[in-house]
Each structure stands twice: as C-alpha cells, then as structure tokens.
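First up is the structure itself, then whatever we jot down about it.
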Amino acid sequence: MDLRIEKTEKAVRNAFMELRAGKPLEKISVKELCQRARINKSTFYAHYSDIYALSETLERETVLSIVNSIPDLKAHSARNPDAFTRALCLAFLSNISLIRVLFAGKEQNHLGSQLERELKKVIYRRYPRYEGDPEKEVLLSYCIQGAYHAYLNTCLHGAAADTDAFVRTVEKIVRCLQPLF
C-alpha cells in the first residue's frame, strides 16, 4: 500500500477513535473528523462513503481480529466447545478498550450480530452439516448471543465481575449444551 494512503488511513482512524470516545456516532460529522485528521473532505470520501461506513469498517475489522486471535482456531471442535468458548472470551476481553469505544451506545448490538455472523462462518467451515440445520442455528445463536449479552450485563455495564468467574460460568453452560451439538 502507498505510504500516503497508509498515513491518511491512520490519521482518519485515529481521529475517528478520539471523537468516538467522546461522543455518539451520530454526532460525529465528516467535517469534524477531517479537521481532526488534517485531511480534506474529498480525501475522506475517496476512502469512505460516510461516517457510518468508516465505523462499520472498523467494527468489522475488530470482530475479525477477535475471531482470528483465537489460538489454533481450526483445532477446536464440537467435542471441546468449552475450550473454544474460553479462547473466544479471552480474545474478546483482550480487545475490550477498542470494543468499549467502537460499540458504545446504539452500536452495542452490532457487536453481537457481527460476532455471531463471523463465528458461524468459522463453525460452518469446520462443520458444514450445521449450516441450514434449524436446531444448530438456534443453538449457536443462543450460545453466541447469550454469552455476549451476559457479558454486557455483568462486565461491560460496570458490575464488578470477576473475568475468570465469567469465563468459567460460560464454559459450564456450553459444556451443559454440548450433547446438543
């Protein structure tokens, strides 16, 4: 990639994260972002159609980073979903600062939906027979969304939750559901 493009991308992303840390997505204007990044509006529009496209790009990259940071992703199987769950929870928690900024406010539900979509892709590649199976679809959604919303209610919203206790509890739940896989 051209060095100028890299510098512009970095400036835009840094400016966006600074602004996003202080205000809701819908309150950030392209003009304000461009001033902070020290670029022209035309330069911004050469890269993104609007602020929401930039946010979606960063959200998607963050979710992919979480999923791809799971060690030995391909080795996890339906026989050890608790190990996969632990790895996922730890990958998620290692990106928590970024998540708190990008997925704050109205964007919060995007994280659950994007995690579900990307995790299902990984699971379906490993277990193609799960795709299109209504029971497996519901089970996977329940596990992914359930863990995500439990996390929101216990960890993200200020409750003094013990991370290890959270991970252990989610592992236990997934272990109980294992016969359904």
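Label-to-label distance for Glu131 and Ser29 is 4.5 nm, based on points extended 7 Å past Cα in the beta-carbon direction.
All other residues with a Cβ under 13 Å from the Cβ of Phe103 taken together, and with Lys, Arg as +1 and Asp, Glu as -1, what is their net charge? Net charge in that neighbourhood comes out at 0. Residues whose amide H lies under 5 Å from that of Ile70, counting only those 5 or more places away or on a different chain, are absent; hydrogens are built 1.01 Å from N in the peptide plane. The count of lysine pairs in the chain that are at least 8 places apart or cross chains, and whose C-alpha atoms lie under 19 Å apart, stands at 15.
Between Asn14 and Arg36, full extension at 0.36 nm per residue minus the direct alpha carbon distance yields a gain of 7.0 nm. Each residue in Cys89, Cys176, Cys34 was given a count of other beta-carbon atoms within 10 angstrom of its own, and listing them fewest first yields Cys176, Cys34, Cys89.
Throughout, read-outs are computed from the coordinates displayed, never taken from laboratory work. Owing to the predicted nature of the structure, the values given are computational and were not obtained by experimental measurement. Neighbour counts are summed over all protein chains in view; Cβ atoms, including those assigned to glycine, are modelled from backbone coordinates with ideal geometry.
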